[in-house]
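Trainee: Pasting a structure here, questions to come.
Where a number appears in this text, it was derived from the coordinates with a stated rule and is not lab data. Bear in mind the structure is a predicted one, so any value in this text is a computation, not a measurement. Note: ideal-geometry Cβ built from the backbone for every residue, glycine included; neighbour counts use all protein chains shown.
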Amino acid sequence: MKRLFSAKLIAALSVVAAVLTGCTTGTEETLQYVNLSQVSCSFLGEGNQPLVIEVKASPATWEATPGATWVKVERTDDRTLTVTVDDNDTGAERSTTIA
């Protein structure tokens, strides 16, 4: 039986955008953005390979925090987020966000 997991990375976009916005001390406007190569994903119940997501952000300072203990995230460089999930042996559908 396929057990699917949905990870919504939209929360990551919101958090990163909030972190990147701030006060400026001049009249110059600085373009700040975050673009993700994938904003949601699904995994099978077991045997999944890590998912690599390309992150384009300006400025390049960002972080990601998983919303569940069975999700691992790793920032491998300024432009890459790797998501790994533990096998789901519960039989129940799981869902979480990455912020």
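Trainee: What FRET efficiency comes out for the pair Glu28/Ala60, r = Cβ-Cβ distance, R0 = 22 Å, nearest 0.05? Kindly include the intermediate steps, with their values, before the conclusion.
Mentor: Working: r = 19 Å, r/R0 = 0.86.
With a Förster radius of 22 Å, E is 0.70.
Trainee: Can you pull out the GluC sites (Glu not before Pro) in region 20-99 whose DSSP state is coil and whose Cβ has at most 16 other Cβ atoms within 10 Å?
Mentor: Hits after loop and neighbour filter: Glu28, Glu29, Glu46, Glu63, Glu93.
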